[in-house]
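The values are calculated or read from the model by the stated rules, or taken from the named source; none is laboratory data. The structure displayed is predicted, hence computed values, not measured ones. Note that we place each Cβ from the backbone using ideal geometry, even for glycine, and neighbour counts take in every protein chain shown. Heads up: the accessible areas ignore ligands, DNA and RNA and are worked out on the full protein's heavy atoms, side chains in. Shrake-Rupley method; radii C 1.70, N 1.55, O 1.52, S 1.80 Å.
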Amino acid sequence: IKDVQFMKTCKKCGTAYEKEKGHVCEVEKKEVESYILSQREEIQPLLREIRETILSAVPGAYEKISWKMPTFYRTHDIMHFAAFKNHWGLYPGPVAIEHFRERFEGLTYSKGAVQFPYDRPLDKKLIYDMTRWCDETGNHH
């Protein structure tokens, strides 16, 4: 029997797990897929590609909806993304924006976000690099 002080229970699915090891909640994964399905049909494949690119950069990361956006995390949030009418946004936090700003040519960006128009080819390398960097450095919101 595991020591109770090292255990946690998932609020969404009720599964008990060791705090150190974390927990991949199937309910949270379904919430991210539901988010994608709630978007316009023509952008759903793009959103799945963004999700897959982020997950390839941080194997074993957990997924959830936070701030009404798909969010990827381990012990801290690593990356968020969201769909809008004319663009989709990536939310790596202000330190990452400053670190990668030279790679945002032609893009709109702010303190903690970068916007990608739907008609621009998906820059998987940028998404991958930013996600890895945020995970490795712990820099995010």
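Residue 76 meets the conditions (1) within 25 Å of residue 126 (Cβ to Cβ); (2) out of contact with any helix residue (DSSP H, G or I) (no Cβ under 6 Å at 6 or more places or on another chain); (3) modelled with pLDDT of 95 or more; (4) not aliphatic (A, V, I, L, M) in every case but one. The failed one is (3).
Scanning the range 76-93 for residues that are farther than 16 Å from residue 128 by Cβ and without any contact (Cβ under 8 Å) to a residue 40 or more places away in the chain returns 82, 84, 85, 86, 87, 89.
Determine if the range 126-136 includes at least one residue that is open to solvent by 20 Å² or more (accessible area, probe 1.4 Å) and among the polar types (S, T, N, Q). Quick ask: steps written out before the conclusion?
Of all residues in the range 126-136, those open to solvent by 20 Å² or more (accessible area, probe 1.4 Å) come to 128-129, 132-133, 135-136.
So of that shortlist, the ones also among the polar types (S, T, N, Q) come out as none.
No.
Residue 56 meets each of the listed conditions (1) outside any helix (DSSP H, G or I); (2) in contact with a helix residue (DSSP H, G or I) (Cβ under 7 Å, 6 or more places away or on another chain) apart from (1).
Rundown of residues vs (1) open to solvent by less than 30 Å² (accessible area, probe 1.4 Å); (2) of a type in the set (Asp, Glu); (3) under 30 Å from residue 8 (Cα atoms); (4) touching a His at 6+ places or on another chain (Cβ under 8 Å), yes/no style:
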{"residue": "34", "(1), (2), (3), (4)": "no, no, yes, no"}
{"residue": "44", "(1), (2), (3), (4)": "yes, no, no, no"}
{"residue": "76", "(1), (2), (3), (4)": "no, no, yes, yes"}
{"residue": "111", "(1), (2), (3), (4)": "no, no, no, no"}
{"residue": "117", "(1), (2), (3), (4)": "no, no, no, yes"}
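Out of curiosity, is residue 94 within 23 Å of residue 37 (Cα to Cα) and not small (Gly, Ala, Ser)? Taking the combined requirement at face value, the residue does not satisfy it.
For the structure I just gave you, tell me whether residue 82 is closer than 17 Å to residue 39 by Cα and either open to solvent by less than 60 Å² (accessible area, probe 1.4 Å) or of a type in the set (Asp, Glu) (or both). When the stated conditions are applied, residue 82 passes them. Each residue in the range 50-68 was checked for being over 11 Å from residue 32 (Cβ atoms), open to solvent by less than 50 Å² (accessible area, probe 1.4 Å) and modelled with pLDDT under 95, and 1 pass.
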